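J.: Submitted below is the structure of interest, expressed as structure tokens.
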Amino acid sequence: MSDQPQRSAMRALVLVGVLGAVAFRVGTATAQTQPTKTYYLYACAESDDEVALITFGPSGAKVAKTITVGSFPAEIEGPHGISVSPDGRYWYVSIAHGFPFGSVHKYETGTDEWVGDVTVGMYPATLDISASTGLLYVVNFNLHGMPEPSSISVVDTESMTEVARVPTGIRPHGSRLSRDGAWHYSVNVMNGELVELDAFSFEIARRLPLPEVTPVAGALGGYGVVSGQTADAPQMAQPTWVTAPTPQGTVYVTGNNAAVIFEVDLAAWEIRRTFQTGPGPYNLDVTPDGKTLVATYKSGGTVGFWNLEVGRESNRIRTTRTIPHGVVVAPDGEYAFVTLEGVGSEPGTVEVYHIPTRRRVDTVDIGTQAGGIAFWKMDER
């Protein structure tokens with residue numbers, strides 16, 4: 001009797017298994033990972049001058065609405081950073097490519113109607129809003145021309161007026177506030193330092209120089225080599241992100257050019273641990289209990305999950321498209337949402353990860369060059 005039917009059946013089983021694995025990688029929720037509530041987020045599409053309202057619930061991830069942002073329809077203005085007010089009533093987006101300065105625009109959640117705008121510094125990047133004062137803090141990255149000292153703009157969100165501009169360092173980027181709104185943390189990419197700003201007095205309280213590092217092949221780079229150094233010589237770490245302080249009193253800072261993440265003890269104002277990561281750690285977020293860190297590895301095309309209690313990466317997952325960018329963790333700690341820029345004419349993508357199982361469960365495409373992402377609300381229904 002010929003064994004051809006048996007071989008054909010075996011090939012069919014293998015094919016089903018392969019297709020099932022592929023379906024999981026691009027996003028299929030299981031009963032264990034299926035959400036019981038609906039999550040709402042805003043994500044920027046930098047090359048399309050759009051912000052997408054994303055929903056993720058029992059029926060999966062969807063684009064609920066696309067909002068065109070900016071002031072000059074004929075120009076690509078580059079929405080970069082985005083944040084939602086603590087009361088959930090408004091969202092704010094930084095427009096990076098201004099003439100000559102950038103701006104921050106205010107929109108009402110729900111209606112997504114434009115409310116107002118304010119001019120800030122050159123190339124405003126990330127932004128965050130104080131839960132205690134309602135003031136908005138935006139770092140002016142200033143990517144134009146030769147590296148030179150830049151600033152943090154402080155904005156009164158009621159009147160959309162810049163009330164202070166605080167000199168900080170060369171190319172400030174990632175920035176986050178403490179939960180009580182008293183302290184603002186940012187990193188200066190080309191100074192290799194973490195900066196603590198008193199959010200009430202608008203004065204720099206402390207600076208923490210990061211240690212010298214040896215660049216890692218395949219790291220993102222693109223910010224330039226410090227004058228007088230060669231690309232393969234020890235140089236300043238180039239931090240691109242800092243998390244909000246955890247309940248344990250720590251923040252986490254990327255060493256983008258060296259594929260490391262620094263754990264900083266805020267009370268001692270010193271580096272406690274250094275984690276070796278995938279190439280190009282770019283954005284970070286931490287679960288509300290401070291036990292899990294989620295990192296995008298921009299030049300590595302992966303997302304990493306770190307068990308902070310033991311200081312070990314528990315999983316690293318290749319993304320469905322290239323250039324992972326932003327990440328935000330839901331307030332319940334169940335899901336992380338990651339943006340992927342893509343390349344060329346590829347759409348941007350938002351991926352959804354189930355944090356307890358360290359699995360990707362869904363994806364949805366938005367406009368090109370997906371970047372900044374912010375959480376809005378959860379609906380229990």
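J.: From the list VAL138, VAL115, VAL93, pick out the single residue that is modelled with pLDDT of 95 or more and out of contact with any Ser or Thr (no Cβ under 9 Å at 6 or more places or on another chain). Spell out the reasoning first.
T.: Values: VAL138 fails: out of contact with any Ser or Thr (no Cβ under 9 Å at 6 or more places or on another chain); VAL93 fails: out of contact with any Ser or Thr (no Cβ under 9 Å at 6 or more places or on another chain).
That would be VAL115, the only listed residue that is modelled with pLDDT of 95 or more and out of contact with any Ser or Thr (no Cβ under 9 Å at 6 or more places or on another chain).
J.: I'm trying to understand the selection: among the residues of the range 145-175, which are within 22 Å of VAL189 (Cα to Cα), outside any strand (DSSP E or B) and in contact with a Ser or Thr (Cβ under 8 Å, 6 or more places away or on another chain)?
T.: ARG171
J.: Hey, can you tell me all the residues within the range 33-92 that are under 29 Å from ARG359 (Cβ atoms) and not in a strand (DSSP E or B)?
T.: THR33, GLN34, PRO35, THR36, LYS37, GLU46, PRO58, SER59, GLY88
J.: Now for a different question. From VAL343, VAL253, grab the single residue that is surrounded by fewer than 22 Cβ atoms within 10 Å (Cβ to Cβ) and of a type in the set (A, V, I, L, M). Reasoning before the result, please.
T.: Numbers: VAL253 fails: surrounded by fewer than 22 Cβ atoms within 10 Å (Cβ to Cβ).
None of the others qualify; the one that does is VAL343.
J.: So for the range 279-289 (the condition being surrounded by 14 or more Cβ atoms within 10 Å (Cβ to Cβ), modelled with pLDDT under 95 and on the phi < 0 side of the Ramachandran plot), does at least one residue qualify?
T.: yes
J.: Just to check your reading of the model, which residue among GLU148, GLU75, GLU158, GLU108 is in contact (Cβ under 8 Å) with a residue 12 or more places away in the chain, exposed (fewer than 15 other Cβ atoms within 10 Å of the Cβ), touching a Gly at 6+ places or on another chain (Cβ under 8 Å) and not basic (Lys, Arg)?
T.: Values: GLU148 fails: touching a Gly at 6+ places or on another chain (Cβ under 8 Å); GLU75 fails: touching a Gly at 6+ places or on another chain (Cβ under 8 Å); GLU108 fails: touching a Gly at 6+ places or on another chain (Cβ under 8 Å).
The unique qualifying residue is GLU158.
J.: Give me the pairs, please: first residue somewhere in the range 328-346 and within 20 Å of LYS62 (Cα to Cα) and touching a residue at least 40 places away in the same chain (Cβ under 8 Å), second residue anywhere and crowded, with 22+ Cβ neighbours inside 10 Å and among the charged types (D, E, K, R), beta-carbon distance under 6 Å, and either six or more positions apart or on two chains.
T.: From residues that are within 20 Å of LYS62 (Cα to Cα) and touching a residue at least 40 places away in the same chain (Cβ under 8 Å), the pairs are VAL328/ASP285; VAL329/ASP285; VAL338/GLU351.
J.: A follow-up question, please. Kindly provide the set of residues from the range 266-278 that are out of contact with any Asp or Glu (no Cβ under 9 Å at 6 or more places or on another chain) and modelled with pLDDT under 95, ordered by number. Give the derivation first.
T.: Quick first cut of the range 266-278, residues out of contact with any Asp or Glu (no Cβ under 9 Å at 6 or more places or on another chain) only: 267-268, 270.
Listed by number, the list is empty, since nothing qualifies.
J.: In addition: Among the candidates THR320, THR296, THR246, THR254, which residue alone is within 30 Å of THR368 (Cα to Cα), touching a residue at least 24 places away in the same chain (Cβ under 8 Å) and either over 19 Å from the mean Cα position of the chain (by Cα) or assigned to a loop (DSSP other than H, G, I, E, B) (or both)?
T.: Details: THR296 fails: either over 19 Å from the mean Cα position of the chain (by Cα) or assigned to a loop (DSSP other than H, G, I, E, B) (or both); THR246 fails: within 30 Å of THR368 (Cα to Cα); THR254 fails: either over 19 Å from the mean Cα position of the chain (by Cα) or assigned to a loop (DSSP other than H, G, I, E, B) (or both).
After ruling out the rest, the residue left standing is THR320.
The values are calculated or read from the model by the stated rules, or taken from the named source; none is laboratory data. Every value quoted in this text rests on a predicted model; they were computed, and no experiment measured them. Don't worry about glycine lacking a Cβ; one is built from the backbone with ideal geometry, like all the others, and counts go over all protein chains shown.
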